[in-house]
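Student: Please find one structure pasted underneath; my questions will follow.
The values are calculated or read from the model by the stated rules, or taken from the named source; none is laboratory data. Nothing here was measured: the structure is a model prediction, and the numbers come from that model. Cβ placement follows ideal geometry from the backbone for every residue including glycine, while neighbour counts extend to all protein chains displayed. Accessible surface is based on the protein model in full, side chains and every heavy atom, while ligands, DNA and RNA are left aside. Shrake-Rupley method; radii C 1.70, N 1.55, O 1.52, S 1.80 Å.
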Amino acid sequence: GINDDEVLRQGEIREVTIDFREKYSTDKKELINSAVYRLYVKDGNRELDVLPYQPVEKAFLNNFFVLYTEDLIPNQYYVDVRVQMGREIKYYKEALRFQIVDNITERYQ
């Protein structure tokens, strides 16, 4: 996945795993059907969507999404996660923060 405040190069492909825990538990993971995420940058107080809310994929053991960085310009990026459980909707603001620095395919001589 991606660590918080990690520096990535343009052109990387990362699978980001999201762990949801059962209430009042620290070790029991839960699979969620209705989770979405969005990728955005900040310009002062404004938040500019790079990717509007996209569904989080559900695998056999975890929830995840794949992040392709080849189209992202060097900048600081943020990820929000929204989860709907029954009638309750929870927002996880800035669940992940990372930075894109340069192109991994460029070669300097």
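Student: Please go through the range 54-88 and pick out each residue that is over 23 Å from GLN99 (Cα atoms), part of a loop (DSSP other than H, G, I, E, B) and either within 13 Å of the chain's Cα centre (by Cα) or basic (Lys, Arg) (or both).
Tutor: ARG87
Student: Also, I was wondering about something else. Starting from the range 18-35, take each residue that is within 12 Å of GLU57 (Cβ to Cβ) and list its partners that are polar (S, T, N, Q), counting only C-beta distances under 7 angstrom and pairs at least six apart or across chains.
Tutor: ILE18/ASN63; LEU31/ASN63; ILE32/ASN63; ALA35/ASN63
Student: Can you work out which of the residues in the range 26-52 that are of a type in the set (Ser, Thr, Tyr) and not in a loop (DSSP other than H, G, I, E, B) is most open to solvent (accessible area, probe 1.4 Å)? Step through it out loud before you land on a result.
Tutor: Of the range 26-52, the ones of a type in the set (Ser, Thr, Tyr) are 26, 34, 37, 40.
If we keep only those that are not in a loop (DSSP other than H, G, I, E, B) as well, we get 37, 40.
Values: TYR37: 16, TYR40: 0 Å².
Taking the candidates together, the pick is TYR37.
Student: Can you tell which of PRO55, PRO74 is surrounded by 10 or more Cβ atoms within 10 Å (Cβ to Cβ) and in contact with a Ser or Thr (Cβ under 9 Å, 6 or more places away or on another chain)?
Tutor: Values: PRO74 fails: in contact with a Ser or Thr (Cβ under 9 Å, 6 or more places away or on another chain).
When all the criteria are applied, what remains is PRO55.
Student: So, GLU15, is that one open to solvent by 40 Å² or more (accessible area, probe 1.4 Å), within 11 Å of the chain's Cα centre (by Cα) and modelled with pLDDT of 90 or more or not? I'd like the intermediate steps shown before the answer.
Tutor: Numbers: open to solvent by 40 Å² or more (accessible area, probe 1.4 Å): yes; within 11 Å of the chain's Cα centre (by Cα): yes; modelled with pLDDT of 90 or more: yes.
Here the answer is yes, as GLU15 does meet what is asked.
Student: So LYS23 passes all but one of these: (1) farther than 23 Å from ASN103 by Cβ; (2) assigned to a strand (DSSP E or B); (3) among the charged types (D, E, K, R); (4) open to solvent by 80 Å² or more (accessible area, probe 1.4 Å). Which condition number does it fail?
Tutor: Unmet condition: (2).
Student: Separate question: Counting only residues that are closer than 12 Å to LEU39 by Cβ and either without any contact (Cβ under 8 Å) to a residue 24 or more places away in the chain or of a type in the set (A, V, I, L, M) (or both), which one in the range 77-97 is surrounded by the fewest Cβ atoms within 10 Å (Cβ to Cβ)?
Tutor: Residues of the range 77-97 that are closer than 12 Å to LEU39 by Cβ, as a first pass: 77-81, 94-97.
Keeping just the survivors that are either without any contact (Cβ under 8 Å) to a residue 24 or more places away in the chain or of a type in the set (A, V, I, L, M) (or both) gives 79, 81, 94-96.
Details: VAL79: 22, VAL81: 22, GLU94: 12, ALA95: 15, LEU96: 21.
Filtering first and then ranking leaves GLU94.
Student: Now a separate question. Take the conditions touching a strand residue (DSSP E or B) at 6+ places or on another chain (Cβ under 7 Å), without any contact (Cβ under 8 Å) to a residue 40 or more places away in the chain, farther than 23 Å from GLN84 by Cβ and of a type outside the set (Phe, Trp, Tyr) and apply them to VAL50. Does it pass? Steps first, please.
Tutor: Values: touching a strand residue (DSSP E or B) at 6+ places or on another chain (Cβ under 7 Å): yes; without any contact (Cβ under 8 Å) to a residue 40 or more places away in the chain: yes; farther than 23 Å from GLN84 by Cβ: no; of a type outside the set (Phe, Trp, Tyr): yes.
In short, no.
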